[in-house]
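The values are calculated or read from the model by the stated rules, or taken from the named source; none is laboratory data. Fair warning: this is a prediction, and the values are worked out from it, not measured in the lab. Here the Cβ positions follow ideal geometry from the backbone for every residue, glycine too, while neighbour counts run over all protein chains shown. Note: areas computed on protein heavy atoms with side chains; ligands, DNA, RNA excluded. Shrake-Rupley method; radii C 1.70, N 1.55, O 1.52, S 1.80 Å.
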Amino acid sequence: MYKIIGADLKEYGPVSVEQLRQWISEGRVNGQTKVQAVDSAEWKSVADCPEFADILPKAPQPIATPTTPITPLPMPLRNSQMAVWSMVLGIGSLLCCCGWFLVAPVAIVLGAVALSQLKSHPELTGRGFAIVGIILGILAILVYGSFTVFCVLNPDFMQNLQNSMPR
Amino acid sequence: MKTPLSFSLLRLGAIVAAMLAGTALAVVLFVFDPSTAGFYPVCTLREMTGLQCPGCGGLRAMHQLSHGHLAAAWRLNPFVVALLPAGLWLGLREMARVLTGRQWPGLVTRPVFGWLLAGALVLFGILRNLPFCRGQ
């Protein structure tokens, strides 16, 4: 049996546990309502009584336990792996002149995909890496590619260049 | 982060394939010297113009390195020799990330490093072809 303090701050009861449970299910009593067991002098919230825990709606939080304000955690920023690999391959395509037609396109494509991925993923960083990869890839194709094509088209130029080189 | 963020069998397969390929390449490089064996791919720039690209001599340098000849490797291509530890670290790091989900500290933390490295690479490529710098 419980005494209960109503919304009008008046004391009612004692009422049975069954009656109280029904009031809770009807919404007339909630977790913050103060009740006093007849055999104790202590007033406590309904939410603090284990007898009613199973039927109390979860939403109303008991006042006794202040809710910790839920602050959104700052999302850990991490680099887009694709952007970083684009840069690594971009450097690689410059390093190995034979790789201009193999590695450089991969660097450019990876960089472009990374850039579009970064737009839809605010938690990812690495725009700068992707740009490095794209530009170095294009540079490798322009420099080595045009040089190769030029040499293939002008065999004489090659021969002259080789002859003019001090050995 | 207890489990890898994007763990998949495909990634694991790629890592295993990369490890196997790397080991095979290392064995081939150790046994056959690129300066005498004929089956290595030839640098197109070198073949056609006689100019050395920034990567020229890299395979020969790694062959020398695998036999412990650091000085000879350095003479062939100092840039590749200097970059090798960084490359190994990147590979190991990628492997550790896929296998354990732990992120080791990265080397290229800022894009400006990429620009510097690329600039140094281009500079090295130009310098090594100038008459007073040609070592070989």
Original post:
What span do the alpha-carbon atoms of segment A:78-164 cover on each of the three principal axes, reported in whole Å from largest to smallest?
Top reply: 56, 17, 16
Original post:
Roughly how compact is segment A:2-52, stated as its Cα Rg over 2.2 N^0.38 Å to two decimals?
Top reply: 0.98
Original post:
Accessible surface of residue B:32 in the full protein assembly, 1.4 angstrom probe, to the nearest 10 Å²?
Top reply: 90 Å²
Original post:
Taking H as built 1.01 Å from N, whose amide H comes closer than 5 Å to the amide H of residue A:125, not counting residues under 5 places away?
Top reply: A:78, A:79, A:80
Original post:
Once fully extended, how much extra length lies between residue B:110 and residue B:127, figured as 0.36 nm per residue of separation less the alpha-carbon to alpha-carbon distance?
Top reply: 3.5 nm
Subject >> HN-Hα J in Hz across segment A:105-112 - Karplus 6.51, -1.76, 1.60, θ = phi - 60°, x for Gly and Pro >> reply: x, 4, 4, 5, 5, 4, x, 5
Original post:
Looking at segment B:76-136, which trypsin sites (Lys or Arg not before Pro) are DSSP coil and have at most 15 other C-beta atoms within 10 Å of their C-beta?
Top reply: B:102, B:134
**OP:** Mind putting a number on the dipole of chain B about its Cα centre? Charges go on the C-beta only, +1 for Lys and Arg and -1 for Asp and Glu, and I need it in Debye to the nearest 20.
**Re:** 360 debye
Original post:
Using alpha carbons only, what's the Rg to Rh ratio of chain B with Rh from Kirkwood?
Top reply: 1.03
